[in-house]
Structure formats: structure tokens, C-alpha cells
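Structure first, then comments.
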Amino acid sequence: MRVETGIFWVIRGEIVFDRESREVGEGEDFVNYSKSHFDMWEKLAAGKKIKGRRVWGDFVTFPRGRLLYDVRARRYVLYADKCVTPSDVRRIKKALGIERKRCEVRVDEHYSCDKCEEEKRKLTEVEENGFCLQEGYRLTWYKGNDENVVIPETLSGKNRKS
Ligand SMILES: [Zn+2]
């Protein structure tokens, strides 16, 4: 049986990918794409023009993921950064040629873009400093100045970590 594998990035909403198609080998449990994101970054994305601008950063900057085939479960597994949206997933499946195939999407911490890393860093700071307000996805640190006024700590300049 022939199956598809691949890697991808979502860069400015566009799916940048490479795919490999091959027969399942005897005794093989998983069929995996043969190369790493690191290997393919230069070839597929670095310095290319996407949405009219050159791509900066490196292989971990943008949301990314990988498609494998699970031979025993007879389905595909798509590992993805948590920033990858359901609409991205539809387009990724199409690009990798598995539009109508059984596929489980797994959010994997291993695939963590700059935005995810920034969020993790902020959450760690909250754990260490103990006080912040979360508004949607935005975390803001506040310091009570008097009874009525609460201003962002970054504006007050006090209690700031040096
Ligand atoms: Zn992310």
C-alpha cells in the first residue's frame, strides 16, 4: 500500500510543505517523512517571498508539523503546533494528498513556534510573580496604585524585574 508523508509550515496563512509518497515496508509500524524541518527550511522557505515579503527567522519561527502514517491503526497522524487552525488543517491535508483519508490531528508541544514560546515564557513569569490579569490571549501585569486606579506595572515602572 502506498502512503503519503510530509512536513509543513504555516507562514502568513500560506501552507509551505514537502511530501513523500511510498510503499509501506514489511514490519513497519509507522511511515515517516525522511527529513527534518531543520533539513528542509533552507530549501522550502528561507528567503522565499510569501505574501509579497521575504521569509525571515528559522525553522522554529512559524507554526509547523509533520504527517505520518500509522500502519497498525490504518490512519494518518498529523502532528501540529497548537497555532495551526482547523482551516489550516484542511488545506494541509489537501496539500499532502490525504483530503479524504482517516487522519488524527495531534497537537504536539514539540512543534512550538515563536508565539507559543512567548506564551510559555509569560506563563512562567506569572508562576514566578503570582499576579496578572488575562484578557483573552493577552496577559497583562497590573500593580494596584491606590484604591481606584489600577495601572499596568510596565507603565508605573515600579516592581519591575531588572
Ligand atoms: Zn505556535
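Key figures for this structure:
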{"quantity": "Test for Arg91: is it at pLDDT below 95, away from the ligand (no atom under 11 Å from the Cβ) and either of a type outside the set (Phe, Trp, Tyr) or surrounded by fewer than 18 Cβ atoms within 10 Å (Cβ to Cβ) (or both)", "calculated": "no"}
{"quantity": "Filter result for the condition that a residue is under 27 Å from Glu23 (Cβ atoms), touching a residue at least 40 places away in the same chain (Cβ under 8 Å) and out of contact with any His (no Cβ under 7 Å at 6 or more places or on another chain), over Leu78, Leu96", "calculated": "Leu96"}
{"quantity": "Matching option when the condition is at pLDDT 60 or above, more than 16 Å from the ligand (Cβ to nearest atom) and surrounded by 13 or more Cβ atoms within 10 Å (Cβ to Cβ), among Tyr142, Tyr69, Tyr79, Tyr111", "calculated": "Tyr69"}
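Conditions tested, residue by residue: (1) more than 20 Å from Ala95 (Cα to Cα); (2) crowded, with 16+ Cβ neighbours inside 10 Å; (3) at pLDDT 95 or above.
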site	(1), (2), (3)
Gly6	no, yes, yes
Glu20	no, yes, yes
Asp29	yes, no, yes
Met40	no, yes, yes
Lys51	no, no, no
Gly65	no, yes, yes
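The values are calculated or read from the model by the stated rules, or taken from the named source; none is laboratory data. For clarity, every value in this text was computed on a predicted model and none was experimentally measured. We place every Cβ from the backbone using ideal geometry, glycine too, and count neighbours over all the protein chains shown.
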